[in-house]
Amino acid sequence: MLEKPLWISHRGYKENAVENTRAAFRAAVDLGFSCLETDLRLTRDKRIVLIHDPGLDRMAGVRKRVGDMTAAELAGIRLTSLHRKVGRDEGRDAFDNRLLFFEDFAAEFSGCRWVLDIKAEAGAETIRALSRWAEAEGRVEAIAKSAKILTWHPEHEVLAAERFPGIAFYARRRECWRAGFAVLSGQPRFGAIQPGKIYALTPSLLGIPLFRPSIVRRFHERRARVVAFLPPTDDLARRAAAAGFDEILTNRKKIAG
């Protein structure tokens with residue numbers, strides 16, 4: 001039986017770890033998350049690395065772009081965006097501040113479900129690299145069943161659907177806005193809501209609360225699913241769960257009950 005709602009850790013749990021690192025994902029799993037969201041970018045030599053930004057300025061104070069660097073060069077980068085460190089583990093910092101490559105993430109967190117945000121820059125090449133890895137590992141079908149994908153261009157979604165038949169997709173930002181406005185207006189049929197797709201809803205739109213059962217019901221009536229997008233407080237996360245959201249994407253801990 002699937003968890004309902006499905007709690008998704010956004011780039012891992014980052015209280016004492018750098019986002020998208022092994023330590024952040026370990027912390028999320030330790031907190032009971034069974035689904036991990038991460039960002040995929042491609043290095044100059046076609047390796048998939050987990051990082052949100054196109055450049056290293058915010059994460060490492062380095063004025064270089066990820067796509068311009070090789071995997072070996074990126075492996076030598078130490079991330080500095082964490083404000084504090086805690087504890088020690090066998091003489092090492094308790095968190096790992098190195099960039100994480102996809103094959104290492106896949107090996108360590110194979111027991112989790114994944115949400116893969118395919119960044120727009122080199123998106124098609126990233127999908128092809130993911131497909132090559134999955135074929136080599138015999139995991140094409142497994143990814144199609146247990147992972148979900150967000151793309152930023154329609155053609156990238158088409159390519160991913162070809163490479164991973166049956167995989168679920170998140171609606172892109174404009175699709176979510178259009179669907180949200182249509183549902184609020186009482187005309188969901190004008191929102192082009194697609195069956196099987198997952199739509200992200202923020203806590204409110206134009207000041208109108210969206211974490212309500214009536215909103216969720218309109219998406220479910222069209223056989224679509226909804227994810228609560230980064231509720232900023234525990235109370236709003238509880239409202240999303242009570243409203244019947246299928247998924248909750250969060251930077252915080254799971255809410256019990």
When the residues of segment 30-55 are narrowed to those that are surrounded by 22 or more Cβ atoms within 10 Å (Cβ to Cβ) and not in a strand (DSSP E or B), which ends up nearest to the chain's Cα centre (by Cα)?
Ile51
Exactly one of (1) surrounded by 13 or more Cβ atoms within 10 Å (Cβ to Cβ); (2) under 28 Å from Asp234 (Cβ atoms) is unmet by Ser204. Its number?
(1)
With the structure loaded, tell me whether Gly186 is crowded, with 16+ Cβ neighbours inside 10 Å and modelled with pLDDT under 95 or whether it fails that test.
no
Can you say whether Phe219 is assigned to a loop (DSSP other than H, G, I, E, B) and touching a residue at least 24 places away in the same chain (Cβ under 8 Å), as far as the supplied structure shows?
no
Run Arg174 past the list (1) surrounded by fewer than 15 Cβ atoms within 10 Å (Cβ to Cβ); (2) touching a helix residue (DSSP H, G or I) at 6+ places or on another chain (Cβ under 8 Å); (3) assigned to a helix (DSSP H, G or I) and report the number of the one that doesn't hold.
(2)
Among (1) surrounded by fewer than 16 Cβ atoms within 10 Å (Cβ to Cβ); (2) closer than 20 Å to Leu150 by Cβ; (3) at pLDDT 95 or above, Ala192 falls short only on (3)
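The values are calculated or read from the model by the stated rules, or taken from the named source; none is laboratory data. Since the model is a prediction, treat every value here as computed from it, not as a measurement. Note: ideal-geometry Cβ built from the backbone for every residue, glycine included; neighbour counts use all protein chains shown.
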